[in-house]
Structures are given as C-alpha cells and as structure tokens.
1. All but one of (1) under 18 Å from the mean Cα position of the chain (by Cα); (2) closer than 23 Å to Asp85 by Cβ hold for Leu231, so report the exception by its number.
2. Cβ-Cβ below 7 Å, separation at least six or inter-chain, first residue in the stretch 78-105 and free of Cβ contacts under 8 Å to residues at least 12 places away in the same chain and part of a helix (DSSP H, G or I), second surrounded by fewer than 24 Cβ atoms within 10 Å (Cβ to Cβ) and among the hydrophobic types (A, V, I, L, M, F, W, C): which pairs?
3. Filter the stretch 150-161 down to residues that are under 23 Å from the mean Cα position of the chain (by Cα) and not in a helix (DSSP H, G or I), then give me how many there are.
4. Identify all residues within the stretch 188-198 that are surrounded by fewer than 20 Cβ atoms within 10 Å (Cβ to Cβ), of a type in the set (A, V, I, L, M, F, W, C) and in contact (Cβ under 8 Å) with a residue 60 or more places away in the chain; write none if there are none.
5. Arg275 - would you say it is over 17 Å from Thr174 (Cβ atoms) and either without any contact (Cβ under 8 Å) to a residue 24 or more places away in the chain or not charged (D, E, K, R) (or both)?
6. Would you pick out the residues in the stretch 199-220 that are surrounded by 15 or more Cβ atoms within 10 Å (Cβ to Cβ), in contact (Cβ under 8 Å) with a residue 40 or more places away in the chain and either of a type in the set (A, V, I, L, M, F, W, C) or not in a loop (DSSP other than H, G, I, E, B) (or both)?
7. So which residues in the stretch 120-144 are more than 25 Å from Ala56 (Cβ to Cβ) and modelled with pLDDT of 65 or more, if there are any at all?
Amino acid sequence: MKSLESNLSVPVWSEPLPESSRKTSSLFRLPAQCLALVEIEFIKLRRDPTDLLTRAVQPALWLLIFGNVFSKLRAVPTGDLTYLDFMAPGILAQSVLFLAIFYGIGVIWERDLGVMHKLLVSPAPRVALVLGKALSAGLRALVQAVFVYLLAWLLGVHLKWHLPELLGVGVIVTLGAVAFSIFSLIIACIVKSRERFMGIGQVLTMPLFFASNAIYPIAIMPGWLKVVARLNPLTYQVDALRALMVEGGASHFGLGIDFAVLVGTVAILTTVSARLYANLAR
C-alpha cells in the first residue's frame with residue numbers, strides 16, 4: 001500500500017524526459033539563448049556608442065575621397081552605374097567585414113577576464129553561444145549600415161528606399177556580419193592571443209576586400225583573381241547588396257545564389273566554431 005501511495009505521489013513532470021524531448025526543448029530554447037547575448041551587446045552600445053562612431057570614419061573616407069576621385073577618373077567600367085553608385089554597396093560590405101573580422105578579440109578578452117568560463121558552464125549549447133556572439137556583431141553591422149546609407153544618400157548615390165529592398169539589405173548585412181564574426185571566432189580559438197589575433201586579422205582583411213567585387217567588377221580581374229573572388233563570401237555579399245541597394249544595380253550571380261552561399265558559409269563556420277569554442281577557455 002505504501003509503495004502504491006509513493007508511486008501515486010510522484011508527479012509526471014519529475015520523471016526524466018526522453019532524449020528526443022530534450023533535443024526538442026533545446027531547439028526551442030536556442031533563439032532565446034542567442035537573443036540573450038544580443039541583448040547584452042545592445043546594452044553595451046547604448047552605454048558606450050563611441051566605438052560605432054570611430055568605426056564609421058573608415059567608410060566615410062572611402063566614399064568621400066576614394067569614391068569621388070575615381071568617379072572623376074572614370075577608369076573602372078561600371079556599366080550604367082556611376083562609380084559612386086557601384087562602390088557604395090562594396091563600402092558597406094567592407095565596413096561590415098572590418099567590424100566583424102576583429103570581433104574575436106572581444107572573446108579573448110572575455111577569456112582573460114573569466115567571463116567565458118561562466119558562459120561555458122551554463123546549460124546553453126555551444127551553438128547558442130557562437131550564434132549569440134555572431135548576432136551581436138550583426139546588430140553592430142546594422143547600425144553601421146544606417147550610417148553608410150545616410151552618407152551615401154548625402155553624396156548623391158541613387159539608393160532604393162522600398163521596404164522589401166531595405167529588409168533584404170538588412171538580412172544580407174546581418175548574414176555577412178555573422179559569417180565573418182564566426183570566422184573571427186575560429187581564429188581566436190586557434191591563436192588564443194590578442195597580439196597574434198590582431199596580426200592575423202590585419203593580414204586577412206585587405207586580401208578579402210581586394211579579392212572581391214567591392215570596388216571593381218570581376219570582369220576586369222586577371223584569371224587567377226577571378227577564381228579567388230568566386231571563392232570569397234564577401235563577393236556574394238557585395239553582389240546581393242548591389243542589386244538590393246542601388247537603383248539600376250543587378251546581381252551578377254543571382255540573389256538566390258548569393259543568399260545560399262552566405263547561409264551555407266554561416267552553417268559551415270558555425271559547426272567548426274562550436275567544436276573549437278570550448279578550447280578557447282583552456
């Protein structure tokens with residue numbers, strides 16, 4: 001009788017969940033866990049927006065000086081677009097790249113301060129930690145995109161202002177920031193040192209930028225550089241932005257391919273980074 005009463009007194013929810021239920025529960029919690037890290041980044045930006053202001057200087061110089069000078073020269077064939085119209089999406093992509101590629105150094109700081117150890121002992125899966133960090137970079141990139149848009153408009157770039165195109169630009173900017181910030185996180189997991197990370201980051205940024213279609217079309221590149229450009233995710237980000245952002249702009253590869261390449265890059269890099277992330281705390 002006592003055993004029967006004890007069995008009846010045990011609530012159903014106290015029994016351990018089956019493996020499939022636990023996986024489903026973790027899947028539903030994943031967006032909330034990622035957004036928790038994005039919220040932390042939002043609080044940082046609200047309290048100290050100076051970092052965004054300093055990062056806005058570089059795209060401003062490219063558009064104001066480089067763009068205007070080459071518009072006068074007319075040395076780069078850009079079809080029906082003015083050179084400034086052709087260049088503006090590339091500079092937006094460049095600013096996203098430069099912002100995201102150094103994002104991993106913040107993770108190294110968190111390791112040195114002990115913050116990462118607290119994150120790693122939390123029940124959140126590694127994928128949530130990686131994507132949360134990456135989406136935080138995406139938030140910064142969207143703020144940067146607003147600045148580049150306003151500056152391009154002031155310089156007379158013929159921008160598209162329809163809601164579908166603006167939403168598309170937001171998606172592509174976020175995907176690019178997520179991809180390159182996860183790539184940055186992988187570098188941080190491998191080198192584990194701020195000095196080495198900064199050196200590698202500086203070595204990678206300019207080749208990624210110049211081996212893309214950001215400031216000149218792929219058609220005028222030498223053969224070997226065309227191959228490199230087609231393997232570069234930044235090329236597909238610029239290609240999509242040029243079609244979505246500028247009046248008369250078109251996608252060379254097709255928006256579907258651009259989107260698929262960026263999503264595939266994010267998926268592959270996330271898988272690699274989630275495996276390496278725990279090693280950074282050692």
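1. Every listed condition holds for Leu231 apart from (2).
2. none
3. Final tally of qualifying residues: 3.
4. Ile190, Met198 - these are the residues of the stretch 188-198 that are surrounded by fewer than 20 Cβ atoms within 10 Å (Cβ to Cβ), of a type in the set (A, V, I, L, M, F, W, C) and in contact (Cβ under 8 Å) with a residue 60 or more places away in the chain.
5. no
6. Scanning the stretch 199-220 gives Gly201, Leu204, Thr205, Leu208, Phe209, Ala214, Ile215.
7. Pro125, Arg126, Val127, Ala128, Leu129, Val130, Leu131
Conditions tested, residue by residue: (1) modelled with pLDDT of 80 or more; (2) of a type in the set (Phe, Trp, Tyr); (3) over 20 Å from the mean Cα position of the chain (by Cα).
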site: Gln58; (1), (2), (3): yes, no, no
site: Leu61; (1), (2), (3): yes, no, yes
site: Gly67; (1), (2), (3): yes, no, yes
site: Ser95; (1), (2), (3): yes, no, no
site: Lys118; (1), (2), (3): no, no, yes
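The values are calculated or read from the model by the stated rules, or taken from the named source; none is laboratory data. Because the structure is a prediction, the values reported are computed rather than measured. Neighbour counts are summed over all protein chains in view; Cβ atoms, including those assigned to glycine, are modelled from backbone coordinates with ideal geometry.
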